[in-house]
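Okay, structure first, notes after.
The values are calculated or read from the model by the stated rules, or taken from the named source; none is laboratory data. Bear in mind the structure is a predicted one, so any value in this text is a computation, not a measurement. Neighbour counts run over all protein chains shown; Cβ positions are idealised from the backbone, glycine included.
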């Protein structure tokens, strides 16, 4: 069977077609629903003369592309974390990575000195603190599990859940302690509940470039993740430096989660659902799994973000609420399936 980037040609064609279809559908969704003809007219070279064309170009299209970017990052990061923890129930939200990134974002937005710096350099401080929170939380889970001599992956997952609860409590305390009449909690709440932000085009270009670089780097981890799935001892015997590899993989996956949280907040379950759907179709090898998870994650979140903008106009439903409504039953189904096995 012919493969491109590790994915069978037929499945890759389906995924690419689904990407453009989901973006087209999301362009039609919003407080004001648009027909396919109106979206196609916007894509014509002579467009942008009408005020609605400017609105679509300056607001809706960047929002749709950012939703795809955030979903792709979460999908790929979920596949990597499931490989690191060797547990199909691992998820950036459940193991504390996303809550750690959200805590870093909260510090950037609420701490007076940091908030002033954030106003000067919005493209620098928020991603850096989000990354430090994400990487620190994941590293803490791995270190605590090692100190407690937790060997099984279920124990690692429970340690991650505990870390996520602790970080969520710390974030809530900071929101209560640092909020005053000069600091609005609305922005922080949007990160807590999950919601895609609408960037300027130059911000979107930088975020897309960073995401592409990270995706190219994590694809080089595919063979190591395959070997790691055989167990630490077998991986060492096959020449894989396990501790160094896990550290690098955690670093890169945390960077992906941090970038996703910067523009989408704490959105749960995408990194859990998407790798499973891909694995059931393409198998467990990480070379096709990571790329296909990125594409499918982008498709899923693009459609869900469109629904979030459309179901209760002019208000928006927090995106994290929609992903939880889908992800929680999916998580229970996986638990029941593992118990049955």
> What tally of residues in region 219-249 results from selecting those that are exposed (fewer than 15 other Cβ atoms within 10 Å of the Cβ), free of Cβ contacts under 8 Å to residues at least 60 places away in the same chain and within 25 Å of residue 295 (Cβ to Cβ)?
Replying inline: 1
> Can residue 81 be described as modelled with pLDDT of 85 or more, within 22 Å of the chain's Cα centre (by Cα), closer than 22 Å to residue 142 by Cβ and buried (at least 17 other Cβ atoms within 10 Å of the Cβ)?
Replying inline: yes
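Out of all the residues in region 1-12, which are part of a loop (DSSP other than H, G, I, E, B) and either loosely packed, with under 11 Cβ neighbours inside 10 Å or without any contact (Cβ under 8 Å) to a residue 40 or more places away in the chain (or both)? If you could, list the steps in order and put the result at the bottom.
Here is the first cut: in region 1-12, the ones part of a loop (DSSP other than H, G, I, E, B) are 1-2, 5-6.
Scanning region 1-12 gives 1, 2.
I'm checking my understanding of the structure. Among residues of region 304-317 that are in contact with a helix residue (DSSP H, G or I) (Cβ under 7 Å, 6 or more places away or on another chain) and part of a loop (DSSP other than H, G, I, E, B), which one is surrounded by the fewest Cβ atoms within 10 Å (Cβ to Cβ)?
Here is the first cut: in region 304-317, the ones in contact with a helix residue (DSSP H, G or I) (Cβ under 7 Å, 6 or more places away or on another chain) are 304-308, 316-317.
Right, trim to part of a loop (DSSP other than H, G, I, E, B) and you get 316-317.
Numbers: 316: 17, 317: 19.
Only one residue tops the list, namely 316.
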> Can you tell me which residues in region 22-36 are surrounded by fewer than 16 Cβ atoms within 10 Å (Cβ to Cβ), in contact (Cβ under 8 Å) with a residue 60 or more places away in the chain and over 16 Å from residue 317 (Cβ atoms)?
Replying inline: 32
>> With the structure loaded, tell me whether residue 91 is farther than 30 Å from residue 268 by Cβ and either without any contact (Cβ under 8 Å) to a residue 24 or more places away in the chain or within 26 Å of the chain's Cα centre (by Cα) (or both) or whether it fails that test.
In response: no
>> Contact list please: Cβ distance under 7 Å, first residue in region 258-272 and on the phi > 0 side of the Ramachandran plot and at pLDDT 85 or above, second residue surrounded by 24 or more Cβ atoms within 10 Å (Cβ to Cβ) and not in a loop (DSSP other than H, G, I, E, B), pairs at least six apart or on different chains.
In response: 269/323
>> Residues that are in a helix (DSSP H, G or I), modelled with pLDDT of 90 or more and surrounded by 24 or more Cβ atoms within 10 Å (Cβ to Cβ): does region 276-286 have at least one?
In response: yes
>> more than 22 Å from residue 328 (Cα to Cα), under 14 Å from the mean Cα position of the chain (by Cα), in a helix (DSSP H, G or I) and in contact (Cβ under 8 Å) with a residue 24 or more places away in the chain: which single residue out of 301, 252 fits that description?
In response: 252
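Please verify whether residue 292 is at pLDDT 90 or above, touching a helix residue (DSSP H, G or I) at 6+ places or on another chain (Cβ under 7 Å), crowded, with 17+ Cβ neighbours inside 10 Å and closer than 24 Å to residue 60 by Cα, treating the condition exactly as stated.
Details: at pLDDT 90 or above: yes; touching a helix residue (DSSP H, G or I) at 6+ places or on another chain (Cβ under 7 Å): yes; crowded, with 17+ Cβ neighbours inside 10 Å: yes; closer than 24 Å to residue 60 by Cα: no.
So residue 292 does not fit the description; no.
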